[in-house]
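**Student:** Before I ask anything, let me first share the structure, which is written out below as structure tokens.
The values are calculated or read from the model by the stated rules, or taken from the named source; none is laboratory data. A quick note: this is a predicted structure, and the numbers were derived from the prediction, not measured. Cβ sites come from the backbone with ideal geometry, for glycine too, and all protein chains shown count toward neighbours.
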Amino acid sequence: MALSNKQKKWILKNRSKLTLDALSKEMRLPREEVDRFLKASGSRPLKRIFFLLTILISIIFFVLLELALRIFHYGYDYTQWVSPLKGEYILNTQIARKYFYNMQDVPRSDVDIFDVVKKPNSFRIFVLGESAAAGYPFLPNGSFSRYLQQRLSLEYPDSKIEVVNCAMTAINSYAMRDFLPGILKEKPDLILIYAGNNEYYGALGVGSMESFGTSRALVNLVIYLEQFRTFQLLRNVMQRVAGLFEKKQAATGTLMARMARNQYIGLDSKVYEQGLEQFKGNMTDILEMARKQNVPVILGTLACNLKDQPPFVSIRQNNFPPADTVFRQAEANLAEKDYRAADSLFRYAKDLDALRFRAPTDLNEEIFALGKEFDYPVVNIDSAFDAFSPDHIVGDNLMTDHLHPTLRGYQLIGRLYYDEMERTGTLPKTKPRNLANRQQDSITVSDFPFARIDSVIGEYRIKVLKNDWPYIKPQDMIPIYKLLTPRNFIDTLAYDLVKGGTDWVVVHKDAAEYYALRDDYTQFDRVMRVLVSQYPMSVDYCDYAATVLLHAMDYSEAYFYLARRNEVQPTAFSEKWLGIIDLSQNRVPSAKKHLSESLKYDSDDAQVWYNLAGVYVAEKNYPKALETIMKTLALEPNFPGALALRDELQKAMK
């Protein structure tokens, strides 16, 4: 007979006071039944405690393992923002390793710097995207984000403009989704997105060599777990074991070729639809997170080379014509000046291309749909590129290859985003200079930090890209020493960079020194402006440029670097020369301010006292001027011009 709840409670209450025989006698129950109940009730707490202890020990083990791996610096630190200088952040240059499992040399962002603590007058934009958003082949300084940085700084001088480009080659919406929580913590005023070309072959994409499959939940979970060193250890062990059974092959070819080799995706195929769903799902998460934080977002449709880029791979697909056949018909329509039909067929040929390096029309439609769903504006960059192209069909006029714009193309994208910012009221709130839009654009383009070395680097990168699959067959590849033929020292620097023998900073410093040694200060200034634009907190570049230009007596150009230096960290030298140049241009109040500040750093500089006397002369304050020139002579009795100025002042005061 089963025990009642009342009997069970009484037995449990008195089990510590009475023996088994006493319990059975008091309850008038068989001894065996009471014993069976006590054993069953006694084992449950023990099992639960044992289970909890097992879980706790496992947690402690993994916590200690994680701490030990971090202490001994195993693996990579994927903290999103790192501080190269006190008070400044950049995107972690190693963060791409979270998304690339089979590559040693991973891509990196443009390394844009911004303040750890956002200043009250700061206007902060973050840019998300892939290689076209990063500015390839002109990265890091040819992107549309650089155009925006320059133009906003020009029109809003009272704002500290921070445009942080987080775009990287070969990533896609998975990486962008991973970036967004960290971006939102940094209080963005605006987020710009130009992305979608890498949705199939970018890292972790459905057609990529770096893929975990089609489950977004699984891929995003793996990305999340990558922050733990224990997970990195597990991943590395699994890779090592798998490597024992795989034939090792050296990594060759461009990143584009390695990410998508022989992965053909037909129009309306299952993988094609999975790529669209992947983009839609990740972008929905991104826009939902931004909307919850009330952060403005501007999306952009994707432009690509339609007229001058034949389909990479033409395959037979059910109910669809071959891509190359459609492309030839488009060319025929173009020759007959039937531009509307030609544009339509060029687009159809691009969509039929089984090698999906160019975003299909359906993806641009998805961007419009996302903008409508979340009430975020969409800039129709695709349409604008057509409008600015001959016959209204984009080709090599605005594209360097299949989808990366020319420098003019990148500046056009920047202008389109700026116009949309103006239309939607997402520009800085400080007082503008109120320059006409055409004048803003003209000055921005004219002063754009871009030198000849950057043009050659871009040219060589495109040559290397097109010297590999899928542009040509592997057997037709030309050795790099024959492909790239430097004609001068600047070309040789670009060659060394593209070949991988040096880095971007070194070739620009070498180019600047080359021009300085040849007294070509115009080209020297161009290169140094590129370096200062890329590394605005590096005072060394400003000091070097200012010293060279002052020696060349190019005071107007030197003033730019002295002022930039002063914004970061004033010195006696920078304040002195800003004051001297201001005085020579009759900017007396500014000269007085800078010279006085210079004396706070070094009160024994006779040149500063001499020029400060000149300030007082300009103000007609002759007693003060005489007092100041006497300090000059006390420090340096033979200072050029000081005795003559003293004599003139003494005469004037009689």
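Yes/no matrix, rows are residues, columns are (1) modelled with pLDDT under 85; (2) of a type in the set (Phe, Trp, Tyr); (3) surrounded by 10 or more Cβ atoms within 10 Å (Cβ to Cβ):
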residue: Met27; (1), (2), (3): yes, no, yes
residue: Val34; (1), (2), (3): yes, no, yes
residue: Leu56; (1), (2), (3): yes, no, yes
residue: Val63; (1), (2), (3): no, no, yes
residue: Ile71; (1), (2), (3): no, no, no
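**Student:** Show me the helices (runs of 4 or more DSSP H) found entirely inside region 131-202 where at least 1 residues are surrounded by fewer than 22 Cβ atoms within 10 Å (Cβ to Cβ) and either of a type in the set (A, V, I, L, M) or at pLDDT 95 or above (or both).
**Tutor:** 144-155, 173-185
**Student:** Kindly list the number of the only condition in (1) hydroxyl-bearing (Ser, Thr, Tyr); (2) free of Cβ contacts under 8 Å to residues at least 12 places away in the same chain; (3) in a loop (DSSP other than H, G, I, E, B) that fails for Thr426.
**Tutor:** With (1) hydroxyl-bearing (Ser, Thr, Tyr); (2) free of Cβ contacts under 8 Å to residues at least 12 places away in the same chain; (3) in a loop (DSSP other than H, G, I, E, B) applied to Thr426, the lone miss is (2).
**Student:** Oh, and also: In region 400-419, how many residues are within 21 Å of the chain's Cα centre (by Cα) and not in a loop (DSSP other than H, G, I, E, B)?
**Tutor:** 13
**Student:** Name the residues in region 48-104 that are assigned to a helix (DSSP H, G or I), hydroxyl-bearing (Ser, Thr, Tyr) and farther than 30 Å from Arg216 by Cβ, would you?
**Tutor:** The answer is Thr54, and nothing else.
**Student:** Before we move on, is Arg108 closer than 19 Å to Pro536 by Cα and modelled with pLDDT of 95 or more? So that I can check it myself, show each step before the final result.
**Tutor:** On the way: closer than 19 Å to Pro536 by Cα: yes; modelled with pLDDT of 95 or more: no.
Answer is no for this residue.
**Student:** Only residues in region 190-217 that are without any contact (Cβ under 8 Å) to a residue 60 or more places away in the chain count as the first member; pair them with residues that are of a type in the set (Lys, Arg), Cβ under 9 angstrom, at least 6 apart or cross-chain, and list the lot.
**Tutor:** If the second residue must be of a type in the set (Lys, Arg), no pairs are left.
**Student:** Checking the conditions here, which among Asp519, Asp503 is modelled with pLDDT of 95 or more and among the acidic types (Asp, Glu)?
**Tutor:** None of the others qualify; the one that does is Asp519.
**Student:** While we're looking at this one, here's another question. Has region 544-558 got at least one residue that is outside any helix (DSSP H, G or I), of a type outside the set (A, V, I, L, M, F, W, C) and at pLDDT below 95?
**Tutor:** no
Per-residue answers, yes or no, for (1) in contact with a Leu (Cβ under 7 Å, 6 or more places away or on another chain); (2) part of a helix (DSSP H, G or I):
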residue: Ser574; (1), (2): yes, yes
residue: Ile580; (1), (2): no, yes
residue: Ala591; (1), (2): yes, yes
residue: Gln607; (1), (2): no, yes
residue: Pro623; (1), (2): no, yes
residue: Phe639; (1), (2): yes, no
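**Student:** From the list Leu345, Leu363, Leu370, which residue is within 17 Å of Tyr272 (Cβ to Cβ), of a type in the set (A, V, I, L, M, F, W, C) and assigned to a helix (DSSP H, G or I)?
**Tutor:** Leu363
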